[in-house]
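Enquirer: One structure, pasted below without further comment.
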Amino acid sequence: KTKYSKLIFRKSDTVPEELHQAVQEGFLTLREHDCFFQDLVRIKGKDFVTPVSRILIGNPGCTYKYLNTRLFTVPWPTEGYDIKYCSPQIREACKALIRLNDYLHIEAVKALQGQNLLETKEAQDTTVIDREQNTAASLTEEESVSKDQSSCVQEDDRLSLKNRTSYNLTLLNYMDPLQMLYLKQEPYFGMGNMAVSWHHDENLVERSTVAVYSYSCEGSAVEGSNEQKLKGRDPAVWHVGLKVAWDIETPGLAIPLHQGDFYLMLDDLNMTHQHCVLAGFSPRFSSTHRVADCSRGTLEYILGRCELALQNLQTDSDSMGLSLKSLETAVIKQVEEIHNEVEFEWLRQFWFQGKRYLKFTDWWLKPMAKLEEFWRKMEIMTSLVLSEVGKKEQIKEQRNETISCFLPVLTERQRLRKEWTVR
């Protein structure tokens, strides 16, 4: 209650049976179609393959970036979008996950409202009530002012609750611990094998809730474990571990996760605490619903950036030759930065592991072709800047100014191209 009050845990019997069935069938369908993939992530300049296999499902055009790797959503069925799936079963699986998403959103809103009421009540209990009687007139006046204020606050709260619980995607995880040759040991509290080490989830809207639905394929592996009950957690059962960030004095928490249980990390818990996943014996799926910060991570955003860059390119009506409208350093620098962004944050990130998405849908192929077309035009724009800088009639100061803004972006491009070739 004192250290982990913003963790809400719900047992599987609180979730409608029909929803369990649809989601669990969806997980198994995705596994049968080989739709889970290990990611190549980058930590402190080194590349690692994740022990857990993943796939991202969510709003069309959304992406989620973690450990320098951008994942692109397999779009779930969304009104107003034409999404063709590779098979009806995959469509059903995505449909089940959007239903789970809606359910967890409602649960998160309820949980946050419950917490707010609890905090308000505690605040009221500790406040000394001023018992002095005021005149009826001033009381009525105060009441009407406070009513206005409270309705305004309620509106803000409702909006804030919605923004912090409207999950736009889910990162699905799958792992069979028996297929793993080596799993790290939890280092601080002796919690045993870790499937995922201590971390904060990144790239999320501030103070947004994370909801996690767990499905371990319990059966032979668990029943077959006749090991002596160890002090602490049962090693056959999957757990989520929590600790206060940068603190190993406060005892850690390990919560057993059985088939169909779910938990919510409310408000700022993801920032003030770290969590890990402790492996059991049986294979396990989880669906981790997030409010990803998509301010720089949607297809709409990057297309807008490309269009901004290409405003500086013009076609001569007679010769049909291409030229730059402006040679101002600020304009050139902005265009070249967008050029780097579309190449390294989108095209290379997608094709680096993008063929995986074709197992689900071809939804991303057209947008990627469009981004490539824009990128080719930006390559032409780079050559145009270079030829302008090389012209004899260029004033020396102007040339130096162009080069000093242009060169760092170009150097960065060269460095990143080498890095991506290695990856």
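The values are calculated or read from the model by the stated rules, or taken from the named source; none is laboratory data. Please read these numbers as outputs of a predicted model, since none were measured by experiment. As a convention, Cβ positions derive from the backbone with ideal geometry for all residues, glycine included, and neighbour counts pool all protein chains shown. These accessible areas exclude ligands, DNA and RNA; they are computed on the full protein's heavy atoms, side chains included. Shrake-Rupley method; radii C 1.70, N 1.55, O 1.52, S 1.80 Å.
Enquirer: Taking GLN334 as the residue in question, decide whether it is out of contact with any helix residue (DSSP H, G or I) (no Cβ under 6 Å at 6 or more places or on another chain), surrounded by 15 or more Cβ atoms within 10 Å (Cβ to Cβ), of a type outside the set (A, V, I, L, M, F, W, C) and in contact (Cβ under 8 Å) with a residue 60 or more places away in the chain. First the steps, then the outcome.
Expert: Details: out of contact with any helix residue (DSSP H, G or I) (no Cβ under 6 Å at 6 or more places or on another chain): yes; surrounded by 15 or more Cβ atoms within 10 Å (Cβ to Cβ): yes; of a type outside the set (A, V, I, L, M, F, W, C): yes; in contact (Cβ under 8 Å) with a residue 60 or more places away in the chain: no.
Criteria not met by GLN334.
Enquirer: Open to solvent by 80 Å² or more (accessible area, probe 1.4 Å), part of a strand (DSSP E or B) and either closer than 19 Å to HIS200 by Cα or touching a helix residue (DSSP H, G or I) at 6+ places or on another chain (Cβ under 8 Å) (or both): is that true of VAL41 in this structure? Full working, then the answer.
Expert: Numbers: open to solvent by 80 Å² or more (accessible area, probe 1.4 Å): no; part of a strand (DSSP E or B): yes; either closer than 19 Å to HIS200 by Cα or touching a helix residue (DSSP H, G or I) at 6+ places or on another chain (Cβ under 8 Å) (or both): yes.
The answer is no for VAL41.
Enquirer: Separate question: Test of understanding: among PHE344, PHE352, which residue is surrounded by fewer than 16 Cβ atoms within 10 Å (Cβ to Cβ), in contact with a Phe, Trp or Tyr (Cβ under 8 Å, 6 or more places away or on another chain) and part of a helix (DSSP H, G or I)? Give the steps one after another, and end with the answer.
Expert: Values: PHE344 fails: surrounded by fewer than 16 Cβ atoms within 10 Å (Cβ to Cβ).
Matching residue, one of PHE344, PHE352: PHE352.
Enquirer: Okay, next question. I need the full set of residues from segment 1-31 which are open to solvent by 90 Å² or more (accessible area, probe 1.4 Å) and either at pLDDT below 95 or in a loop (DSSP other than H, G, I, E, B) (or both), in order please. Write out each step before concluding.
Expert: The first filter runs over segment 1-31 and keeps only residues open to solvent by 90 Å² or more (accessible area, probe 1.4 Å), leaving 1-3, 11, 13, 17-18, 21, 25.
Within segment 1-31, LYS1, THR2, LYS3, LYS11 qualify.
Enquirer: Another one. Could you give me the residue pairs with C-beta distances under 7 Å whose first residue belongs to segment 367-392 and is more than 30 Å from TYR81 (Cα to Cα) and in contact (Cβ under 8 Å) with a residue 12 or more places away in the chain, whose second residue is among the hydrophobic types (A, V, I, L, M, F, W, C) and open to solvent by 80 Å² or more (accessible area, probe 1.4 Å) wherever it lies, and which are 6+ apart or on separate chains?
Expert: none
Enquirer: Counting only residues that are open to solvent by 10 Å² or more (accessible area, probe 1.4 Å) and small (Gly, Ala, Ser), which one in segment 44-73 is modelled with the highest pLDDT?
Expert: Among those that are open to solvent by 10 Å² or more (accessible area, probe 1.4 Å) and small (Gly, Ala, Ser), it is SER53.
Enquirer: Looking at segment 82-90, is at least one residue part of a strand (DSSP E or B) and not aromatic (Phe, Trp, Tyr)?
Expert: As a first pass, look at segment 82-90 and keep what is part of a strand (DSSP E or B): 85.
After this cut, where a residue has to be not aromatic (Phe, Trp, Tyr) as well, the list is none.
Within segment 82-90 (the criterion being part of a strand (DSSP E or B) and not aromatic (Phe, Trp, Tyr)), the answer is no, since none of the residues qualifies.
Enquirer: Okay, next question. Run down GLU388, GLU328, GLU393, GLU341 and say which single residue is closer than 27 Å to ARG70 by Cβ and acidic (Asp, Glu). Before the answer, list the steps.
Expert: Working: GLU388 fails: closer than 27 Å to ARG70 by Cβ; GLU328 fails: closer than 27 Å to ARG70 by Cβ; GLU393 fails: closer than 27 Å to ARG70 by Cβ.
Selected residue: GLU341, the only one of GLU388, GLU328, GLU393, GLU341 that is closer than 27 Å to ARG70 by Cβ and acidic (Asp, Glu).
Enquirer: Scan segment 297-316 and tell me whether some residue there is surrounded by 13 or more Cβ atoms within 10 Å (Cβ to Cβ), free of Cβ contacts under 8 Å to residues at least 12 places away in the same chain and closer than 30 Å to VAL109 by Cβ.
Expert: Yes, there is a match, as at least one residue in segment 297-316 is surrounded by 13 or more Cβ atoms within 10 Å (Cβ to Cβ), free of Cβ contacts under 8 Å to residues at least 12 places away in the same chain and closer than 30 Å to VAL109 by Cβ.
Enquirer: Please indicate, with yes or no, whether at least one residue in segment 74-89 is open to solvent by 50 Å² or more (accessible area, probe 1.4 Å), among the charged types (D, E, K, R) and over 23 Å from the mean Cα position of the chain (by Cα).
Expert: Filtering segment 74-89 down to residues open to solvent by 50 Å² or more (accessible area, probe 1.4 Å) leaves 79-82, 84, 86, 88-89.
Next, from what is left, pick out any that are among the charged types (D, E, K, R): 79, 82, 84.
Pick out the ones that are also over 23 Å from the mean Cα position of the chain (by Cα) and you get 82, 84.
Checking segment 74-89: at least one residue is open to solvent by 50 Å² or more (accessible area, probe 1.4 Å), among the charged types (D, E, K, R) and over 23 Å from the mean Cα position of the chain (by Cα).
Enquirer: Could I ask something else about it? Please work out which residue is nearest to TYR64 (Cα to Cα), limiting yourself to segment 189-213 and to residues that are part of a loop (DSSP other than H, G, I, E, B) and open to solvent by 50 Å² or more (accessible area, probe 1.4 Å).
Expert: Looking at the filtered set, the residue picked out is ASN203.
Enquirer: Among the residues of segment 394-413, which ones are outside any helix (DSSP H, G or I) and surrounded by 13 or more Cβ atoms within 10 Å (Cβ to Cβ)? Break it down stepwise before answering.
Expert: To start, the set of residues in segment 394-413 that are outside any helix (DSSP H, G or I) comprises 394-395.
Across segment 394-413, the qualifying residue is only GLN394.
Enquirer: Which residue out of LYS1, LYS46, LYS11 is more than 20 Å from the chain's Cα centre (by Cα) and outside the structural domain of LYS184 (by the TED database)?
Expert: Values: LYS46 fails: outside the structural domain of LYS184 (by the TED database); LYS11 fails: outside the structural domain of LYS184 (by the TED database).
The unique qualifying residue is LYS1.
Enquirer: To continue, here is another question. Please go through segment 374-392 and pick out each residue that is buried (at least 16 other Cβ atoms within 10 Å of the Cβ), within 36 Å of the chain's Cα centre (by Cα) and closer than 15 Å to LYS333 by Cα.
Expert: MET378, MET381, THR382
Enquirer: Quick check on LEU266: is it among the hydrophobic types (A, V, I, L, M, F, W, C) and open to solvent by less than 20 Å² (accessible area, probe 1.4 Å)? Don't jump to the end; show me each part of the working.
Expert: Details: among the hydrophobic types (A, V, I, L, M, F, W, C): yes; open to solvent by less than 20 Å² (accessible area, probe 1.4 Å): yes.
Yes; evaluated as a whole, the condition is true for this residue.
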